[in-house]
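The values are calculated or read from the model by the stated rules, or taken from the named source; none is laboratory data. These figures come from a predicted structure and were not determined experimentally. Here the Cβ positions follow ideal geometry from the backbone for every residue, glycine too, while neighbour counts run over all protein chains shown.
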Amino acid sequence: MGGAAGLFGIPRLINWTWAFFAVVITVVVIRNLLWSSYGRACISVREDETAAEMMGVDITRYKVLAFAVGAFFAGLGGGIYAHYFYGLQPATFGFMRSIEYLVMVVFGGMGSISGSILAAGALTVINVVLQQFSAIRMILYALLLIVIMIFRPQGLMGSLEISPKLFRKAGRRPEHGSAGNQ
């Protein structure tokens, strides 16, 4: 397969449109999974393993389920990457790439899909702007991760999701008593 040199000569079968629709489908499937009974069980295992076990949740089953779903979508993402960039190199997916993904998830919020998407977009723009200063970029990632973990450990969005309901709440003014209307 090419070993350390990588695998090249992969036909380009993906464009931005296909990649976008793959992301949309992935987000919809993951969101629906999280709102299902399986997703709730996985969340309960993540939050408190002992309490989930006491409530009758088969911890091993749901950990394997979470691993399998995560591996499936990681493989899908790798396939899209390979078909977009014509090849794969092991050096591309090193330790620093893992740190970038970790910062994206922690920055957005560990319990928020939309927060992770917003953080990925923001950090990708920062990454492009600081492309020529790679040492500074990693220092900024480390500082950002430290600041977030100190001041907002749940991430920017926490467990909130962007939805029309959230916008309605944000646009609504607090109601005042009848004395304020006179």
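Taking into account only those residues within the stretch 30-42 that are without any contact (Cβ under 8 Å) to a residue 24 or more places away in the chain and not hydroxyl-bearing (Ser, Thr, Tyr), which is surrounded by the most Cβ atoms within 10 Å (Cβ to Cβ)? The extreme case among them is Ala41. Residues in the stretch 47-70 that are under 18 Å from Gly111 (Cα atoms) and β-branched (Val, Ile, Thr): Val69 only.
Close Cβ contacts (under 6 Å, 6 or more residues apart or on different chains) running from residues in the stretch 112-131 that are in the same structural domain as Arg31 (by TED's automatic domain parsing) to residues that are modelled with pLDDT of 90 or more and surrounded by 16 or more Cβ atoms within 10 Å (Cβ to Cβ) are absent. Scanning the stretch 86-105 for residues that are touching a residue at least 12 places away in the same chain (Cβ under 8 Å) and in a loop (DSSP other than H, G, I, E, B) turns up at least one hit. Among the residues of the stretch 47-85, which ones are without any contact (Cβ under 8 Å) to a residue 60 or more places away in the chain, surrounded by 14 or more Cβ atoms within 10 Å (Cβ to Cβ) and touching a strand residue (DSSP E or B) at 6+ places or on another chain (Cβ under 9 Å)? Result: Tyr81, single match. From the list Ile136, Ile148, the one residue that fits, being in contact (Cβ under 8 Å) with a residue 40 or more places away in the chain, part of a helix (DSSP H, G or I), outside the structural domain of Ile43 (by TED's automatic domain parsing) and not charged (D, E, K, R), is Ile148. Within the stretch 108-133, the set of residues being outside any helix (DSSP H, G or I) and surrounded by fewer than 17 Cβ atoms within 10 Å (Cβ to Cβ) comprises Met110, Leu130, Gln131, Gln132, Phe133.
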